[in-house]
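Okay, so here's the structure we're looking at.
The values are calculated or read from the model by the stated rules, or taken from the named source; none is laboratory data. Nothing here was measured: the structure is a model prediction, and the numbers come from that model. Here the Cβ positions follow ideal geometry from the backbone for every residue, glycine too, while neighbour counts run over all protein chains shown.
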Ligand code: PHE
């Protein structure tokens, strides 16, 4: 056990975990959720969810991972041997595997859009052309599959390289690059004419829009965005060293993730408002509206619109890839540790399996769209079942496990590094895990299922 690989540095651990958290959820989903739910008011509720529910559950997942020194699929078996809790671990592996499948499809789209941006494919188009361009591409039976394969292969090679030389090293390169790009883009966007309208929308809370729906939406968004509920961060925590401060790491990851989400809003809204486009919902915001926004907003300086489009899709791809790596690692580590496959053989199996799920999800948007489950095509069904049912369930189990089942000395020991750190917030943390989080998540859960019926 003691020869388990570790991240080489605390900073490496933070970058890797933040890389998992920062993803399409921040740059794509957060801005349109905020856009639809009252801008700044949503952001305030979201912040509450991140700090009240998200961080304690993240520390709980870190505890499970670091204490067991096992990937999520084996962690519960180590900590509560012979009990049914092991199924929570398996649930996490399955969830991660399924998310990887469809998440890689959208990640692949970012590569197509980098290509389009680079080759000048956005210039001289009308608003309607951007819609057709996106529809034709995403419904095409072949082209998205090539990009899907590309994303899975990039992810594969990073994971095969291992925890230190693959995951940690790549995050240490990609995350700083992502920060530079996002700051640059935010500055460009904020200097556009009429940018203050977008800013006002994002920073001026409209509390009349805060309904219970907003509250529950913000909580769901917090889970997805922080990579909680499927043991992704618990698998990464199994590579943390014994001196890693779990509370501080969770706080850093939470802050970075929120910072990137808010900055994405600062890019998207001022740009959209400056050309008079209402922030739209769904995938169309970044794949249809934004190329148009960049063309129009910087139309007088074509170089700027070219550079901004390329930079934006590179940013999106970087964010997506550090997340697909963490998703791939969950299943690969499981096959490696449980069935003793070599890491590369395990990764080949996961990549091949994800390719199948990815192909099905991608075709579900085009030629297979007539096949539906509960009125949803297979892509939307996968998204619904994983993000809205499996993640909240996994998060709730992690909270209950650490709050009620795990030995109290271990729970406190992990947070304080066995007496080396002070933990004044410990009673609050345990109270949240025991009561607030399970009840809160049960509420999201009921809400989402209510939506189904
Ligand atoms: N947190 C990632 C995002 O915001 C998505 C993700 C979810 C990654 C769950 C890993 C596990 O895009």
**OP:** Spot the failing condition for residue 297; the list is (1) at pLDDT 85 or above; (2) farther than 30 Å from residue 5 by Cα; (3) more than 15 Å from the ligand (Cβ to nearest atom), and only one is missed.
**Re:** (1)
Subject >> Options 86, 67: the member that is within 27 Å of residue 6 (Cα to Cα) and free of Cβ contacts under 8 Å to residues at least 40 places away in the same chain >> reply: 86
Original post:
Which of (1) within 15 Å of the ligand (Cβ to nearest atom); (2) modelled with pLDDT of 85 or more; (3) assigned to a helix (DSSP H, G or I) is the odd one out, the single condition residue 230 does not satisfy?
Top reply: (3)
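Yes/no per residue for (1) more than 16 Å from the ligand (Cβ to nearest atom); (2) at negative phi; (3) at pLDDT below 85:
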{"position": "187", "(1), (2), (3)": "yes, yes, no"}
{"position": "190", "(1), (2), (3)": "yes, yes, no"}
{"position": "214", "(1), (2), (3)": "yes, yes, yes"}
{"position": "276", "(1), (2), (3)": "yes, no, yes"}
Original post:
When residue 130 is evaluated against the numbered criteria (1) under 26 Å from residue 347 (Cα atoms); (2) at pLDDT below 95, which criterion, by number, is the only one it fails?
Top reply: (1)
Subject >> Hey, residue 205 in a loop (DSSP other than H, G, I, E, B), surrounded by fewer than 16 Cβ atoms within 10 Å (Cβ to Cβ) and more than 20 Å from the chain's Cα centre (by Cα) or not >> reply: no
Original post:
Only one of these conditions is not met by residue 20: (1) at pLDDT 90 or above; (2) within 15 Å of the ligand (Cβ to nearest atom); (3) over 27 Å from residue 429 (Cα atoms). Which number is it?
Top reply: (3)
**OP:** Just give me the residues in the range 369-382 being crowded, with 18+ Cβ neighbours inside 10 Å and touching a helix residue (DSSP H, G or I) at 6+ places or on another chain (Cβ under 7 Å), in sequence order.
**Re:** 377, 378, 379, 382
Original post:
Considering the range 398-433 alone, what residues qualify as being modelled with pLDDT of 95 or more, under 11 Å from residue 247 (Cβ atoms) and part of a loop (DSSP other than H, G, I, E, B)?
Top reply: 417, 421
Subject >> Residue match in the range 349-359 (condition: buried (at least 20 other Cβ atoms within 10 Å of the Cβ), within 21 Å of residue 75 (Cα to Cα) and at pLDDT 90 or above) >> reply: yes
**OP:** Quick one: which residue in 261, 297, 250, 271 is buried (at least 23 other Cβ atoms within 10 Å of the Cβ) and within 26 Å of residue 380 (Cβ to Cβ)?
**Re:** 261
